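Contents: one structure, followed by commentary.
The values are calculated or read from the model by the stated rules, or taken from the named source; none is laboratory data. These figures come from a predicted structure and were not determined experimentally. All Cβ positions, even for glycine, are placed from backbone atoms using ideal geometry, and neighbour counts span all protein chains on display.
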Amino acid sequence: MSSQRGGTREGAGRKPIYDEPTKVVRIPESRVIEIKNYLSNSKKAKFNDVASITLVNPSAAMHIPLAAEKVAAGFPSPAQDYVDKTLDMNEHLIKNEAATFIVKVASLSMRDAGIDIDDELIVDRSLEAKHEDIVIALIDNEFTVKRLMIESDERWLKAENPDYSDIHLKDGQEMVIWGVVTYVLKPFKKRK
């Protein structure tokens, strides 16, 4: 006999406070208030959507077989069983080696653009950012990943997740476009 209780309900449970997974830790009782105060202050407007930035070092060429014909989303033809040439991933993904970085994402502010926490972005600092480019911007000494919007004389940053606010600069704030996102690296199949 199966129970009618249990299971998940839409909207039930604790609501997430942070933009990332949380972890249970043991802390001394005398530090609880201090840590709670620190965490409540950390929820104020911060932009740091970047976990790490690494310079690309394409030290080795990796030639991957490239199919001679484009593949439709259906079943491939048995006649397309041959490979015409190879593709070097460094040449394919990196246009300017000295100005290319890998940026690891630390928030869900660009979720609806297909960018999730821990995704790696290929960022080219030599490109000029244009309207609607996804960029890495520096505001108040913090990095953010957003879509650049340029409208007449105003430049602002659009979040691609309704749970996050767009960023319109306030008086005294300065925005520096650090680089333009050219590719998102993410697995479709999770490794075990």
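In the set 79, 51, 73, 67, only one residue is surrounded by 11 or more Cβ atoms within 10 Å (Cβ to Cβ), farther than 26 Å from residue 118 by Cβ, modelled with pLDDT under 80 and among the small types (Gly, Ala, Ser); that residue is 67.
Considering segment 87-98, the residues that are surrounded by 13 or more Cβ atoms within 10 Å (Cβ to Cβ) and in a loop (DSSP other than H, G, I, E, B) include one that is nearest to the chain's Cα centre (by Cα), namely 94. Residue by residue through segment 176-185, note down the ones that are surrounded by 13 or more Cβ atoms within 10 Å (Cβ to Cβ) and of a type outside the set (Val, Ile, Thr). Residues satisfying the conditions are 178, 179, 183.
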